[in-house]
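Colleague: Below is the structure I would like to discuss, written out as structure tokens.
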Amino acid sequence: MASVIEFTISLDICDILTSLGYTNVEKSSHETMHKIEEIQNEFSNKFQFRAIYRMVDFLLKNNIELFTKTGCIESPKIVSLAQKANRLMIALVSLYNFNKTEDNNLLYDYIIHGIGTAAIGKAVDFLLNTIELETGLHTSLPFSPGYCDWDITSGQKFIFNSIDSSVINVKLVPQSFSMLPVHSISFVSLMGTKKMDRNPCHFCNMKKCPTRRR
């Protein structure tokens, strides 16, 4: 059975600048900083989220496939993490009341997108931390369809077949398999009694990425 929660998060300036590609405050322009503060004030730095999730049992096969009652995940990377997990969390998280735009203002649109991306990342962390406190289990790095070796088409179908996205007003766009509202994320996370790595950079080969986490 799926659970639904609503929650609010706030962002600090470093969250937003990192999402926009800046490594520190000094490298951003005065105009950019002013617009970020203006948008933060517009939303009172309170970003509202809805999430739906469920936790399910799974079976592994051939070091490639993970099966649940609602479908199959074909991903050696996810299956390798699942070796020390007990359950699978399937989730959708969406930022709502975030559709304001200024016509023909590229800077505004650029920062809105950056803020939405930063907020989504923080919301996923909030949800995973909440689940850990409630269940006493550890959660893995969240894997979204299209990430690492998980095909986006089959991945989105798996998630949307597993939970009712209409409950939080998220729609899957045919052909592109993107989602509406735009600032929504679908993912799975392994759950187990042993602590699991939640640093995405440990799964990425871009060693010189400026935003790489140690």
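The values are calculated or read from the model by the stated rules, or taken from the named source; none is laboratory data. Since we're looking at a predicted model, the values are computed, not measured. Using ideal geometry, Cβ is built from the backbone for each residue, glycine included, and neighbour counts are taken over all protein chains shown.
Colleague: Check Thr153 against each of (1) within 17 Å of Gly71 (Cα to Cα); (2) modelled with pLDDT under 95; (3) β-branched (Val, Ile, Thr) and name the one condition it does not meet.
Modeller: (2)
Colleague: In this structure, does Ser186 turn out to be assigned to a strand (DSSP E or B) and either among the acidic types (Asp, Glu) or modelled with pLDDT of 95 or more (or both)?
Modeller: Details: assigned to a strand (DSSP E or B): yes; either among the acidic types (Asp, Glu) or modelled with pLDDT of 95 or more (or both): yes.
Yes; evaluated as a whole, the condition is true for this residue.
Yes/no per residue for (1) touching a Lys or Arg at 6+ places or on another chain (Cβ under 7 Å); (2) more than 30 Å from Ile9 (Cα to Cα); (3) modelled with pLDDT of 95 or more:
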{"residue": "Ile52", "(1), (2), (3)": "no, no, yes"}
{"residue": "Val56", "(1), (2), (3)": "yes, no, yes"}
{"residue": "Asn63", "(1), (2), (3)": "no, yes, no"}
{"residue": "Leu66", "(1), (2), (3)": "no, yes, yes"}
{"residue": "Ile73", "(1), (2), (3)": "no, yes, yes"}
{"residue": "Lys77", "(1), (2), (3)": "no, yes, no"}
{"residue": "Ser80", "(1), (2), (3)": "no, yes, no"}
{"residue": "Lys84", "(1), (2), (3)": "yes, yes, no"}
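Colleague: Looking at the range 151-171, which of the residues that are among the hydroxyl-bearing types (Ser, Thr, Tyr) and touching a residue at least 12 places away in the same chain (Cβ under 8 Å) is surrounded by the fewest Cβ atoms within 10 Å (Cβ to Cβ)?
Modeller: Taking the range 151-171 and keeping what is among the hydroxyl-bearing types (Ser, Thr, Tyr), we get 153-154, 162, 165-166.
Then keep just the ones that are touching a residue at least 12 places away in the same chain (Cβ under 8 Å); that gives 153-154, 162, 165.
Values: Thr153: 12, Ser154: 16, Ser162: 22, Ser165: 18.
Per the criteria, the residue is Thr153.
Colleague: Mind checking which strands (runs of 3 or more DSSP E) fall wholly inside the range 31-146 and carry at least 1 residues that are in contact with a Ser or Thr (Cβ under 8 Å, 6 or more places away or on another chain) and in contact (Cβ under 8 Å) with a residue 40 or more places away in the chain? Quick ask: steps written out before the conclusion?
Modeller: Values: elements: 47-56, 59-61, 65-68, 71-74, 87-96.
Per the criteria, 47-56, 65-68, 71-74, 87-96.
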